Amino acid sequence: MSDHNLFAYLAVVESSEWVNTRSPWANACSSARPRIVHPGRIAAPNPVAEPPRGWHDPRMITVRPVPVDAPAAVALVRAYLTEMVDRYHGRSMPASVVDEALADEPAGDAALLLIAYREQEAVGCVGLRRAEDGTGEITKMYVSPRARRLGIGRRLLAAVEQAAREQGLRILRLDTRTDLVEARAMYAADGYTEIPPHRDRRYADHWFAKRL
């Protein structure tokens, strides 16, 4: 490959990577990627589809409790466990492996399950499980990929903390993993501190607690 064509190729790659770091709407619209019309020339990208009106408006997000067997709850919990299992193994795993994880962490073990909605679309969830007296455990914290970076995780965390206070709980615990960098950063920023393990779970290697 000549130097001229090599530089043209690298320009395409860098431009494509720039697009991929944009919002999920840019990624979802394949026409936004630069188009090669001639060796060494890059055509201007087509217009990017705009997100639905109000998508970034926090007033459009509501959090409310739902039964653990509600269709939205079942779908979100499975999506959460699918991502946990896939990230743990570093690749997409068979449904049977997710089924095993679901058997170990059933939705029904949560005394309360909260779901975040954008209008009528369920985009995230979090569960609250009672432990010993005065202590609760946060479980199944999840936000769907296309709804991330909108503050929904913090909304769910605040909502489950408020629910814990209303139930008379004084301490909240949770577990997470090393590769879930964003989650660990969110918990630390909200006042959670690392503690020794309080549960033995395959998909956990960090444990946190917070006094309410």
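Nothing in this text is a laboratory measurement; each read-out follows from the coordinates by a stated rule. Quick caveat, the model's predicted, so the values are computed rather than measured. Positions of Cβ are generated from backbone atoms using ideal geometry, with glycine treated the same way; all protein chains shown enter the neighbour counts.
In table form, for the structure just shown:
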quantity: The stretch 74-151: C-alpha gyration tensor shape, a/c 1.5 cut-off, then a/b vs b/c; calculated: oblate
quantity: Globularity index of the stretch 58-211, i.e. its alpha-carbon radius of gyration over 2.2 N^0.38 Å; calculated: 0.98
quantity: Candidates per GluC sites (Glu not before Pro) in the stretch 91-181, loop by DSSP, up to 12 other Cβ within 10 Å; calculated: Glu119, Glu132
quantity: Low-density loop cleavage sites - trypsin sites (Lys or Arg not before Pro) in the stretch 134-163, where at most 16 other Cβ are within 10 Å (DSSP); calculated: Arg148, Arg149
quantity: Global form of the stretch 80-119, assessed from the alpha-carbon gyration tensor, a/c cut-off 1.5; calculated: oblate
